[in-house]
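Notes for the one structure printed next.
We did not get these values from a lab; they are worked out from the coordinates using the rules stated. In this text, all values refer to a predicted model and were calculated from it rather than measured experimentally. We place every Cβ from the backbone using ideal geometry, glycine too, and count neighbours over all the protein chains shown.
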Amino acid sequence: MLNVFHPRDFYYYIINIASVEMEYVNDKVLDIIGISPKDFTVEYVFEKIHPDDKDRFVAYQQKVTDFFSNLLPEKVLKYKVSYDYRLRCADGSYKWMLMQNVTLQTDDCGSVIRVLGVKTDITHLKTDNVPSGLSFLGLDGEPSFYNVPINSQLLLPGKSLFSKREKQVLRLVLNRKSTSEIAELLCISVHTVNSHRKNIFSKSGCTSLVELGSKSVKEAWI
């Protein structure tokens, strides 16, 4: 049924973001760009992007990273990324590929672990070689952002400086709980608590507990 709704041929793949490796590539990649699934690597894709599209690709990827790093952890799975670029095929020709990515798996802090990507051949739709902009398409009622300028700052719904766990640690720190007490209350290790404390001070830009408490009230972090 998916073939009915795609404008042309497509293939899909799963990327492990942590290892920057393709864990699965659909066989149709051979029909569309002329290489086998085992040769379709992250390095191959970047190497074969049209020279005029490469800088835009890098800028979009950085914007994607920034976008997801500013989402609440529970919202990371609710966005699809979409943009296009030209990819060189095995025969030397270039095809316009519409790339659409959704996150499959995150860790407890919302960091992306695995991504499902779909690339659709839209060459027949590109009569003027003008690229489409970067879009973040909201799922399950989340707002969408179309043709996002690279240097823009998006006002994300529910944007928060800290993760859910960091907020828990922050409240306990401001309640004068010791590291060992926080670890016991949250059922985590002392090392993990210390990591969260370090992240809290780093993200907030605070250098003292007094400053952290004052800024937390002012910025409504707690």
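May I ask for the equivalent-ellipsoid semi-axes of the stretch 164-218, computed as the square root of five times each C-alpha gyration tensor eigenvalue and listed largest first in whole Å? Walk me through the numbers before you get to the answer.
Values: eigenvalues 68, 25, 17 Å².
Each semi-axis is the square root of five times an eigenvalue, giving 18, 11, 9 Å.
Using the count of nearby Cβ atoms within 10 Å as a rough guide to exposure, how do Glu166, Glu23 rank from fewest to most? Working shown, then result.
Details: Glu166 21, Glu23 11.
So the residues, fewest neighbours to most, are Glu23, Glu166.
Under 16 Å Cα-Cα from Lys63, which aspartates and glutamates qualify once same-chain neighbours fewer than 8 residues away are excluded?
Counting by Cα, and skipping residues close in sequence, Lys63 has these aspartates and glutamates nearby: Asp53, Asp55, Asp84.
Could you please report the charge total around Ile122, scoring K, R as +1 and D, E as -1 over all other residues with beta-carbon less than 11 angstrom from its beta-carbon? Before the final figure, lay out the partial values.
Working: positive: Arg8, Arg86, Lys95, Lys119, Lys126; negative: Asp9, Asp84, Asp121.
Around Ile122, the charge tally is +2.
Top mean-square fluctuation among Glu74, Glu47, Glu184, Gaussian network model of the chain, C-alpha springs under 10 Å?
Of Glu74, Glu47, Glu184, the most mobile in the Gaussian network model is Glu184.
On the first, second and third principal axes, largest extent first, how far apart are the outermost C-alpha atoms of the chain in Å?
Here the Cα extents, ordered largest to smallest, are 65, 34, 33 Å.
Could you work out the relative contact order of the stretch 88-138? I mean the mean sequence separation of Cα pairs under 8 Å and 6+ apart, divided by the number of residues, in percent. It would help to have the intermediate numbers written out before the result.
Values: 51 pairs, mean separation 16.3, N = 51.
About 32 percent, as a whole number.
Tell me, what is the percent relative contact order of the chain, built from C-alpha pairs under 8 Å that lie six or more residues apart?
Details: 334 pairs, mean separation 38.4, N = 222.
After rounding, I find 17 percent.
Given the rule -39500 (n - 2.57) for each run of at least 4 DSSP H residues, summed and divided by the residues of the chain, what is its mean residue ellipticity at 222 nm, to the nearest 500 deg cm²/dmol?
Values: 8 runs with 79 residues, N = 222.
The per-residue figure over the chain is -10500 deg cm²/dmol.
With a sphere of radius 10 Å drawn around the Cβ of Asn101, what net charge do the other residues whose Cβ falls strictly inside it have (Lys, Arg +1; Asp, Glu -1)?
Numbers: positive: Lys80, Lys119; negative: none.
Net local charge, Asn101 excluded: +2.
When a/c is below 1.5 the answer is rounded, else prolate if a/b is larger than b/c, else oblate, so apply that to the stretch 9-78 with a ≥ b ≥ c taken from the square roots of the Cα gyration tensor eigenvalues.
Working: a/c = 2.27, a/b = 1.45, b/c = 1.56.
Oblate shape, in that a/c is at least 1.5 and b/c is the bigger or equal ratio.
What FRET efficiency would be calculated for the residue pair Arg176, Leu72, taking the C-beta separation as r and a Förster radius of 35 Å, to the nearest 0.05?
It comes out at approximately 0.80.
Tally Lys and Arg at +1 and Asp and Glu at -1 over the other residues with C-beta under 12 Å from the C-beta of Arg56: what net charge comes out?
Numbers: positive: Lys54, Lys63, Arg86; negative: Asp52, Asp53, Asp55, Asp84.
Cβ neighbours under 12 Å give a net charge of -1.
Could you give me the radius of gyration and the Dmax of the stretch 27-140, taking only the C-alpha atoms into account and expressing both in angstrom?
14.9, 44
Take the chain, connect every pair of alpha-carbon atoms lying under 10 Å apart with a spring to form a Gaussian network, then pick out the residue of Lys63, Lys167, Lys119 with the largest mean-square fluctuation.
Among Lys63, Lys167, Lys119, the largest GNM mean-square fluctuation belongs to Lys167.
Could you tell me how far the Cα centroid of the stretch 33-83 sits from the Cα centroid of the stretch 103-131, in Å?
6
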